[in-house]
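J.: Okay, here's the structure, questions in a sec.
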């Protein structure tokens, strides 16, 4: 399948057109298509992608000429990305909490 066909398929599924994308979004999309062609995506790859999306939204939010509507939509997108980021890191947080609990348990047994 050609690269442009993959991109068109992805965009069609979410109701977008290539022309609607900003340059940073196009670059991110091409990066993801390349990743899809070369390897399986890892959780770390997804975390990095989410981080880049978050950065792009934060950059857009700092523009002084945003309309109130744009500002609301950017904040909503940022909130969604933050929730996704929290979901992706929940495993690490749970693992860290379990390790702390086990460490505390072993310390208490030594007393």
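J.: Taking residue 40 and the conditions (1) out of contact with any helix residue (DSSP H, G or I) (no Cβ under 7 Å at 6 or more places or on another chain); (2) at pLDDT 80 or above, which numbered condition does it fall short on, given that it satisfies the others?
T.: It fails just one condition, (2).
J.: Could you tell me which numbered condition residue 89 fails, if it satisfies all but one of (1) under 27 Å from residue 6 (Cα atoms); (2) touching a helix residue (DSSP H, G or I) at 6+ places or on another chain (Cβ under 8 Å); (3) part of a helix (DSSP H, G or I)?
T.: Only one criterion in (1) under 27 Å from residue 6 (Cα atoms); (2) touching a helix residue (DSSP H, G or I) at 6+ places or on another chain (Cβ under 8 Å); (3) part of a helix (DSSP H, G or I) is unmet by residue 89, namely (1).
J.: Tell me, yes or no, whether the stretch 43-63 has at least one residue that is more than 20 Å from residue 87 (Cα to Cα), loosely packed, with under 14 Cβ neighbours inside 10 Å and more than 16 Å from the chain's Cα centre (by Cα).
T.: Filtering the stretch 43-63 down to residues more than 20 Å from residue 87 (Cα to Cα) leaves 59-63.
Restricting the remaining residues to those that are loosely packed, with under 14 Cβ neighbours inside 10 Å gives 59, 62-63.
This time we only want the ones that are more than 16 Å from the chain's Cα centre (by Cα), so: 62-63.
So far as the stretch 43-63 goes, yes, one or more of its residues are more than 20 Å from residue 87 (Cα to Cα), loosely packed, with under 14 Cβ neighbours inside 10 Å and more than 16 Å from the chain's Cα centre (by Cα).
J.: Okay, next question. On the basis of being over 26 Å from residue 92 (Cβ atoms) and not assigned by TED's automatic domain parsing to the domain that holds residue 91, does residue 70 make the cut? Can you show your working first?
T.: On the way: over 26 Å from residue 92 (Cβ atoms): yes; not assigned by TED's automatic domain parsing to the domain that holds residue 91: no.
Answer is no for this residue.
The values are calculated or read from the model by the stated rules, or taken from the named source; none is laboratory data. Given the structure is predicted, the values throughout are model-derived calculations rather than measurements. Neighbour counts are summed over all protein chains in view; Cβ atoms, including those assigned to glycine, are modelled from backbone coordinates with ideal geometry.
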